[in-house]
Amino acid sequence: MYAYIFRKLLYNVPVYLGIILFVMVALRVNDPVMAYLGKSASPESIAAMRSEMGLDRPLISQYGTFLGRVVTLDFSERSWEQKRPVGDILGRAVWPSLAITVPALILSTLTAISIALLSAYWRGTLTDRTLMFAAVLGMSVSLLVYVVLGQYFGAYWLPEKLGIPDGSPLRFAISGYEPVVAEGLRPDNWLRYCLLPVIITVVLTIGYDTRFYRAVMVEECNRDYIVTARAKGASKPKIMFVHMLKNAMIPIITHVMITLPFLITGSIVMETYFRIPGMGQTLITAINSKDFPVIQAFTAVFAAIFILTNILTDVLYALVDPRVRLS
Amino acid sequence: MWGRVVTAAAAAVALAAGAGWLGQAGEAAAQAGGGGGGGAATAGAKKVLQMAMRTDGPKSLDPAAGSTQYDNIACSLMYETLVTFKYNDPKTLEPLLLAEMPTFSADGRTVSFKLKPGVRFHDDACFPGGKGRVVTPDDVFYSIKRIADKRNGLKNWWLLDGVIEGLDAFKDAQNASLDAGKGFDYDAAVAGFKKISETEFTIRLNKPVYRFLYTLAQFQLSVVPREAVEKYGKDFGFKPVGTGPFVLDKWEPKQSLAVNRNPNYHPVLYPAREAWSREDRRRRMDRAAGQAVPLVDRMEFTMFVQDQPMWLEFNAGKLGYIEVPNDFFEQAFDKRTRSLQPALESKGITSHSDVLLDFIFTGFNMEDPVVGGLSPDRRALRQAIHLAVDQNEINEALYQGINVVYDGPIPVGLDGHPEGGKAPFSLTTPDLERAKRLLAEAGWPNGRNAQGEQLTLRYYTSNGLQQQQMSELYKRQIERLGVKLEPVLLDFSTLIENVNNKKAQMFGFAWGSDYPDGENNLALFYGPNESPGSNHYNYKNPAYDKLYEQILSMAPSPERTKIYEQMRDMVIQDTPYIGSMGRTRFYLMAPWILNCRPTERTWSWLKYLDVDESKRSK
C-alpha cells in the first residue's frame, strides 16, 4: 500500500505543477495593474506598481518563486488588495467555511442516506415516487433562490411575524458571523449565524444526494447476495441495513470523499449573502480584485488537498472492500 | 428500524453541531492573539451608531495608499486634512487642522498656512509614553512626501504631479536612491516647503492653481505622524494613527469596522444655526448647533457586498442609514412620484436624495480616422450620432429614471452647469430628422457613403450587465440612422488599455469629480492631458486650452463662471462625447439617527451624526 501511495504521489507531481502553471498563465492574460491604480494612473505609477507586484519579471521567474514558496510552505507573501500575508487570510477564512460545510455535509449525507434507504425499501410505491419527485423538485430550484428566500423568510419575515426579538437565541441573524469563542464561550453564535446557512445547504444538496444514494441502493438490491439473503429468510430491514447498506458504502464513500476538498472552498453565494468571512467570499473577492497572491495560494492549497483526497479515497476502498487490491 | 433511524438522526445532529463548534473553536485558536470576530459595543459605550458600507469596505487605512470612496470613509473617521468641505455647504471649503483658511500671495504661487494650535495625534505606543503629540508643519510636509514614495505605489501622485516647487525633483531623486539601495530620505529638503514656526508654514507652487486647496482636502493628504509609519511599516494600513474624531477599535477586512470616540479630539463645533439653509433648518439639521463633536461614542460599520442583507438589516432597524439599491428602489419609493412608500413612512423612516458629481458619457476618439477631428463634416457626424441617442430612454431603462440628463461636462450644482440642464446649444434632446440631415452633411446620407459602404462604429465598453444593456440600447438607437454599431465588451483593465492606447473609436466611461469645481471636468478636454492622461477623447483645441490655462489660477467668481460656460459650449459644439448623465443617490434614514444629510462629496461629516436611543424600536 505504501508503495502505491508513493507512486500515486509521484504521478501527481507533474499534474500539480501543471495546475499551478495554468492558473498563473490564465491570471496574467489581463493586466491587473489598472484595476489597482484606477483612472488617474500615469505610466510611471503603472511601472512602479508592476514592479512592486513582481509582474515585470519573466513568467518563469514568477513561477519558480511561487513554487519555492509552496515547497517551503511559505505563505508570507502579502495580498495585493489587503496587504496582509495570504497565509493569514486563508487561515482565518477556512474556519468559518468549515463551520458551515462540515455540519452541512454530515447532516445532508445522513439524511439523504436515510431517505434513500426508505425510498429503496419502498421502491415502486407512492412513498418512493413522492420522495423522488420532491428530490427532483428540490434539484430544479437554483441555489440563489434558496439563499435569497431562505434569508428573507428564515431570518427576517418569520421572526418579524412571530415577534421574536433581536438577540434572542431563537432568531437567526440576517447576516454576519461571530466565532463560538469570543470574549467567553458563545455556542449560541453558531446557532445564530451558521445554522440557517447549514439548513439551506442541506436542503439544497439533499435532492442530488438522495437520488444518487437511492440509485446505488436499488442497484445493490439486484445482487446475488441479496437474493441469497432473501432465500435464507432474512427480514427486509436486516437485508437493507445489515447487508445492503454495508456494500453500498463504497460508492457512498466515493461521493463523500469527492466532496471533501470542496468543504474548504465554502459556498461563494452563501457566504456573500450571509456575510460569512469564509473561503468562498475570500476567493471571489480575490478574483474580482485580481489579487493574484491569494488566488495562487488558494489554488496551491486546494489542488494539494484534492490530490491527497483522491489518494485517500483509493486507500479507503482497499480498507472497506477486501476484494480491492492497490497495485 | 424507526428507532435506529431516530437514534442515528439525533447522533447526526449532535455530531454536526459539534463539528461546527469545533470549526469555530479552531478558528478562535488560529486567531488567538490576533483579534477576531465581529464588532460589539465596548463596555460602557453610550451612543453607538450602526452604519453600512455597500461594498467589501476599505482596502487600507493608510491615506497615502487609499483611493476608493470606502478608503475615504474609513480614513475620514481617523485622519484629518488641512481643509475640508462644509457639511452645511459641501461645495465650500473650511479649515479643519488649520486655524484659518490659507492665503495666497499676490503672484498666487505661495500659499501661507497656520495650524490650529494644540491639535494632537491619537495616543499610541509609537509616541514616548504612549501620548499623542501636537501636530507640526513637519508632519504636513512628511505626509505630502509620502505621496511621492514609490513604495506606496505612486497611486496618488497624480494629485501633486507638477504642483509643488521641488517636489517632483524630490520624488525622482529619492526614488532613484531607493532603487540604488540607499533608502528614501524623508529629511531631504523640498524647495517649496518652508517652515516658519511650530504652527506656520508656506508651500510654494510651480504655478498658481486654485485647485491646490481642493487637493489639500483630499483624504490621501491626511496628516500622519512619522513615528507611527516608521514603527508599523507595512502594517501602518492596519494601525491608523491620526488626529481624527475617532480611533480604531477593530477592523475585520471585508466584514466590519468599529471606531470609538477620540477622547483627545480638538474642539470642532457643529455648524451654527444660521449656517444652515431654511430647508435644512426645517429638517432640524441645526438641532446640535454649537455642540462639540463627535456626538456619538462609537460607530460600527458593516460591509455588505450583496444588497438584500443590507436592505433587510435596515428594515429590521439595525442600520442608521443606507443608500437605496436599485433593485429595492420600488420597495422604498413610488417610482412615478419618488415619494417614500407609506409602509416605510409609518416606521418613521425618512429619505434624502443627492445628485452626484457624475459625468457619465460615451466618448469619441478625436484621433480616429472616421469620427475624429474638428472639421465641419466630422463635427456634423458626431452631432448626428449624439442626436440619435435618447439618454432619457437609457435613464428610464437602466437607472429607474432617477438620473439627471444635462448638457455639457459640468455636473449639477457646480459653476458652469447650464440652468435646467439645457445649454444654449443642446444635443440632449433626441432629434432623428436633424440627425439625418447632419449625417448627410457629414457625407454619410442614411448611413452610407458615396461608395455605398455602411458606416460601422465600434463601441468599447466594459462587460458588466448594465454596460451590455446600454450597448444594446445604443445599437438600436444609432441604427435608426442606418449606421451600424458594433459593441466591443471588455473587462475594465483591457478597456482602459485600449482607451489609453487610442484604439477605442467610441468608449463608454464615467468621471466622478475629485472635488466640487467644474475645472476638474473641464480638465478632461485640455489638450496636454491626452491619453494616457485623463483627456481620453484626445481633444485638442488651442482656443479651449488657452481658456483652461486662464481659469487655473482663478478663484470662484462670476468672471470665472462665464469662462466655464464658454468652454462648456465649445465642447458641446465640438461634440467629443455623447452625454451627459449624473446619478442621483437616494438614501433612507432610520428614525433614531439625527443630523443625517448624506453626501458623497466629502466624508468628514460623519462626526456630526447623532443617535436618539429613545426612538429605536425594542
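Some notes on this structure:
- Two-site label geometry, B:LYS195 and B:LYS207: point separation in nm, points 7 Å out along Cα→Cβ: 3.2 nm
- Residues B:VAL499, B:VAL355 arranged by fewest to most Cβ contacts within 10 Å: B:VAL355, B:VAL499
- Going from the fewest other Cβ atoms within 10 Å to the most, the residues B:LYS114, B:LYS195 appear in the order B:LYS195, B:LYS114.
- Filter on B:LYS116/B:LYS607; B:LYS91/B:LYS195; B:LYS254/B:LYS335; B:LYS86/B:LYS155; B:LYS155/B:LYS234; B:LYS86/B:LYS250 - keep pairs with C-alpha separation over 23 Å: B:LYS91/B:LYS195; B:LYS254/B:LYS335; B:LYS86/B:LYS155; B:LYS86/B:LYS250
- Rg ratio (alpha-carbon, reference 2.2 N^0.38 Å) - the range A:31-71: 1.36
- Take the Cα of B:GLN69, step 7 Å toward its Cβ, do the same at B:VAL355, and the gap between the two points is 1.7 nm.
- Distance between the C-alpha centres of the range B:129-155 and the range B:320-371: 38 Å, rounded to the whole angstrom.
- Helix-only [θ]222 nm of the protein assembly as shown, DSSP H runs n ≥ 4, -39500 (n - 2.57) each, per residue, nearest 500: -13000 deg cm²/dmol
- Distance in nm between pseudo-label sites at B:ALA292 and A:GLU183 (7 Å out along the Cβ direction from Cα): 2.7 nm
- Overall, chain B carries a charge dipole of about 980 debye about its Cα centre when +1 sits on the Cβ of Lys and Arg and -1 on the Cβ of Asp and Glu, all other atoms neutral.
- Signed unit charges on C-beta, dipole axis of the range A:86-320, positive-most listed residue A:LEU143, A:GLY91, A:PRO187: A:LEU143
- Difference of contour (0.36 nm per residue) and Cα-Cα distance, A:THR313 to A:LYS232: 25.8 nm
- Calculated P(r) tail over 14 Å for the range A:54-103, as whole % of Cα pairs: 64 percent
- In terms of surrounding Cβ atoms within a 10 Å radius of their Cβ, A:SER42, B:SER493 rank from fewest to most as A:SER42, B:SER493.
- In plain terms, the bigger the Kirkwood radius, the slower the diffusion; for chain B, with that radius from Cα pairs, at 37 °C and 0.692 mPa s, Stokes-Einstein puts D at 122 µm²/s.
- Electrostatic dipole magnitude of the range A:86-320 [Cβ: Lys, Arg +1; Asp, Glu -1; Cα centre; debye, to 20]: 820 debye
- Debye-formula intensities of the range B:178-230, expressed as log10 I(q)/I(0) at q = 0.20 Å⁻¹, are -1.10 (one equal scatterer per alpha-carbon, no solvent).
- When the range A:31-71 is described by a simple charge dipole with +1 on each Lys and Arg Cβ and -1 on each Asp and Glu Cβ, the residue from A:ALA41, A:GLN62, A:SER51 located farthest towards its positive end is A:GLN62.
- Shape box of the protein assembly as shown [Cα atoms, principal axes, largest first, Å]: 109, 83, 65
No value in this document is a laboratory result; all are computed from the given coordinates. Since the model is a prediction, treat every value here as computed from it, not as a measurement. So basically every Cβ, Gly included, is an ideal-geometry build from the backbone, and we count neighbours across all protein chains shown.
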